[in-house]
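Remarks on the structure that follows.
The values are calculated or read from the model by the stated rules, or taken from the named source; none is laboratory data. Just so we're clear, the structure is a prediction, and the values are computed from it rather than from any experiment. Cβ sites come from the backbone with ideal geometry, for glycine too, and all protein chains shown count toward neighbours.
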Amino acid sequence: MILGIETSCDETAAAVVDDDGNVRSSVVASQADLHARYGGVVPEVASRRHLELVTPVIREALAEADVTLDDVDRIAVTQGPGLIGALLVGLSAAKALAWSRGLPLIPVDHLQGHVAANFLAPEPLEPPFLCLVASGGHTLLAGVRDHAGHEVLGQTLDDAAGEAFDKVARLLGLGFPGGPALQKLAEQGDPEAFELPVAMARDPGLDFSFLKTALVYLCRDLGDDGVAERRADLAASFQAAAVGQLTAKLKRALKRGEWEAVALGGGVAANGPLREAVAALCEECGLRLKLVPLKLCTDNAAMIASAARYATPLPYPDYLSYDAFPSSRPPVPA
Ligand code: KG4
Ligand code: ZN
């Protein structure tokens, strides 16, 4: 039985996953309301809140799974990437728990966690597959050929997809997080009202760019009244350009490899038009589309425990010198 802990951004999460990949419990305490007044996640506020929540959330995950720490044989925790102060709260809690029980620890890469959400029961997705993770913190096109890792085929060169949705939503006077509100507003708009360039369309690579410059200039030209009048059209046009880019890159990646399935993850996977476009693409290519339940798409600890099932545990007490990493590669332990 694995206890997973995730605190990389603004969700304090703990979960219990058994050795067959069944989610026995998955508790997520979202801080979204706390950060809404600032229009985005404030790192210091997030760490302080994690500190308050991490112990009760772990307790709740154990209780919901109807197990005690005696039933847990390894502890998995997000090591990075993420907000460093936030990560350190989860990592310290995990180390302390593992140390006090003499248990092995498994540090997990957060993005591999998003990939591994697809390995959870029921109906786990077997590699090889292409996984598109689009959230507030990352946009990643991952080639998954085995359970233990993934190849980064493409990633964003600037904002993450969800971050871009949130920023455009803010420009249009919508609250935070803006993605769902923007999708709703876009339903009343014309996606072809404004021709926003699909960024990186001519770039032969698989990276993404969600630069919103064209939209910012458009809003400036329209003026406050013009923006207020055309909000729905602006939302629909931005959404179409963002979804267009995500699916165009996915299509390009599919053509370059032998893939049997596509998986979609991250908070932006909740976006209706994105789901529809990816489903249409999969149908066109004769591929299986795996959509994990939304609560496993957004940040959670079950996906971290899932990734840990395929990683080598660090025996007690080798992990005590492990540090969190905010971005890119994990540091080499001292
Ligand atoms: O994975 P997630 O819950 O959190 C992290 O990024 O850690 O993703 C949240 C992001 C936010 O940027 C939010 O605006 C976006 O996902 N999002 C959406 C939709 N629902 C959530 N973006 C577009 N359309 C949606 N329906
Ligand atoms: Zn995430």
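Observations on the structure shown:
- Restricting attention to the stretch 197-253, the residues being in a helix (DSSP H, G or I), hydrophobic (A, V, I, L, M, F, W, C) and under 18 Å from Leu141 (Cα atoms) number 7.
Every residue, every condition in (1) over 19 Å from the mean Cα position of the chain (by Cα); (2) farther than 16 Å from Leu69 by Cβ; (3) away from ligand 2 (no atom under 16 Å from the Cβ), yes or no:
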| site | (1), (2), (3) |
| --- | --- |
| Ala86 | no, yes, no |
| Ser100 | yes, no, yes |
| His114 | no, yes, no |
| Pro127 | yes, yes, yes |
| Leu130 | no, yes, yes |
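- Among the residues of the stretch 133-168, the one identified as in a loop (DSSP other than H, G, I, E, B) and among the hydroxyl-bearing types (Ser, Thr, Tyr) is Ser135.
- Evaluated against (1) modelled with pLDDT under 95; (2) surrounded by fewer than 24 Cβ atoms within 10 Å (Cβ to Cβ); (3) among the acidic types (Asp, Glu), Asp10 falls short on exactly one condition, (2).
- If you filter the stretch 177-192 down to residues that are in contact (Cβ under 8 Å) with a residue 60 or more places away in the chain and either within 17 Å of the chain's Cα centre (by Cα) or near ligand 1 (Cβ under 7 Å from one of its atoms) (or both), you find that the one that is nearest to Thr139 (Cα to Cα) is Gly179.
- Test: residue in the stretch 275-290 that is in contact (Cβ under 8 Å) with a residue 40 or more places away in the chain, small (Gly, Ala, Ser) and assigned by TED's automatic domain parsing to the domain that holds Phe165: no
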